[in-house]
Amino acid sequence: MEDTPYTQPDISGTGYEPMKEPRYTGIATFMRAPLVTSLAGIDIGLIGVPTDLGVTNRPGARHGPREIRNASSLMRTFNLALRVNPYDLCRIADLGDVRFAHRYDLERQVDEIADFYRAVHAAGVLPVSAGGDHSITYPIFKGIAAKAPVGMVHVDAHCDTWGEFGGSKFTHGAPFRLAVEAGLLDPTRTIQIGIRGGQNFLDGIEFSKSHGMRVVLIEEFAELGVQRVIEEARRVVGDGPTYVSFDVDGLDPVYAPGTGTPEVGGITTLEAQTLLRGLRGLNLVGGDVVEVAPPFDPSGNTALVGATMMFEILCLIADSKFGGKRMVRA
């Protein structure tokens, strides 16, 4: 067979290309990309962050990366809507999971995640990650945005800009407050889409708005429609470096019931795909899909949704950074 960057060795000595094998075969990796032990020669790294110490209610997102890997075997190589095959544009690999030496210490996990992404960033690898709860995005920013703040397109039911909760400031309700305070996230280049649900206090929304974030409540999303929200997102983030953070609870729980904090009345999966595809051409430097909690969805559909959104983000970043060239196959 023709040797390609995605050919994997096996005991026959001939090798095989996992993406051309039946999807129920092989060892599960993100998108069936090769699992690597070196950052050399990698353009985009697919990463799992299996922790949910930051949740304020229902745990389970620690199982997200493993189930998203399994569900991602249903992804294909060519994105029909974008007309992009990311694997023809750049070298994509599964970098494995962030490993935690301090499994029960949330503050030390923040440092461990940041150290992992600092190494990824130093190697020039663009990260696309699967959580884990949303607290992981703050240390990801510590790893990739230490020299200059990024903008963000944030899909979620919640602003995640709350203050300390239960004695910790590192919860999944606080990553973007922390990122703004640390100078890692530019709030004036941040848009939060799909915000809804009841509130016990308005601290988070007030922080977002008072610091210049564009908050699109679900009612405004429904009134404007997806295309106008895309236009607004592009206006807000401009041409600067931008990160995409996608919490699956931004979707209505009929599409993603397996999540820690479901909120009725959310975005549909088609609207979410259309929204992401509308970000094509932005200066995207990374992204994540978080809060997939498989124990709350035995059907596996939420993991499939997470894998699908992760694939959309992967295609956007590959096209944004490498779309002007076609990779020469070995």
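The values are calculated or read from the model by the stated rules, or taken from the named source; none is laboratory data. Note that the structure is a prediction, hence the values are computed from the model and not measured. Cβ sites come from the backbone with ideal geometry, for glycine too, and all protein chains shown count toward neighbours. For accessibility, only protein heavy atoms count, side chains too; no ligands or nucleic acids. Shrake-Rupley method; radii C 1.70, N 1.55, O 1.52, S 1.80 Å.
Which of the residues belonging to the range 128-144 are in a helix (DSSP H, G or I) and open to solvent by less than 10 Å² (accessible area, probe 1.4 Å)?
His134, Ile136, Thr137, Pro139, Ile140, Phe141, Gly143
Which of the residues belonging to the range 19-42 are out of contact with any strand residue (DSSP E or B) (no Cβ under 9 Å at 6 or more places or on another chain), hydrophobic (A, V, I, L, M, F, W, C), under 18 Å from Ser73 (Cβ atoms) and in a loop (DSSP other than H, G, I, E, B)?
Within the range 19-42, just Ala28 meets the criteria.
Just wondering, is there one or more residues in the range 145-158 that are out of contact with any Phe, Trp or Tyr (no Cβ under 8 Å at 6 or more places or on another chain) and not in a loop (DSSP other than H, G, I, E, B)?
No, that holds for no residue.
So, in the range 95-114, exactly how many residues are surrounded by fewer than 22 Cβ atoms within 10 Å (Cβ to Cβ) and closer than 18 Å to Val36 by Cα?
Adding up the residues that qualify gives 3.
Take Lys209 and tell me if it is open to solvent by 10 Å² or more (accessible area, probe 1.4 Å) and at pLDDT below 95.
The answer is no for Lys209.
So which pairs qualify, if the first residue must be in the range 94-121 and more than 23 Å from Glu67 (Cα to Cα), the second must be surrounded by fewer than 14 Cβ atoms within 10 Å (Cβ to Cβ), the Cβ gap must be under 7 Å, and the two must be at least 6 apart or on different chains?
Here the result reads Arg108/His102, each pair linking the range 94-121 to a residue that is surrounded by fewer than 14 Cβ atoms within 10 Å (Cβ to Cβ).
For the range 175-233, how many residues meet the condition of being farther than 23 Å from Lys147 by Cβ, among the basic types (Lys, Arg) and outside any loop (DSSP other than H, G, I, E, B)?
Selection size over the range 175-233: 3.
Output the residues belonging to the range 227-256 that are of a type in the set (Val, Ile, Thr) and touching a residue at least 12 places away in the same chain (Cβ under 8 Å).
If the condition is that a residue be of a type in the set (Val, Ile, Thr) and touching a residue at least 12 places away in the same chain (Cβ under 8 Å), then Val229, Ile230, Val236, Val237, Thr242, Val244, Val248 are the ones that fit.
Here are some conditions: (1) open to solvent by 10 Å² or more (accessible area, probe 1.4 Å); (2) touching a Phe, Trp or Tyr at 6+ places or on another chain (Cβ under 7 Å). Thr51 meets all but one. Which one does it not meet?
Evaluating Thr51 over (1) open to solvent by 10 Å² or more (accessible area, probe 1.4 Å); (2) touching a Phe, Trp or Tyr at 6+ places or on another chain (Cβ under 7 Å) leaves (1) as the failure.
Every residue, every condition in (1) at pLDDT below 95; (2) within 27 Å of Leu185 (Cβ to Cβ); (3) part of a helix (DSSP H, G or I), yes or no:
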residue	(1), (2), (3)
Glu263	no, yes, no
Ala272	no, yes, yes
Leu276	no, yes, yes
Leu282	no, yes, no
Gly286	no, yes, no
Ser299	no, no, no
Thr302	no, yes, yes
Thr308	no, yes, yes
Glu312	no, yes, yes
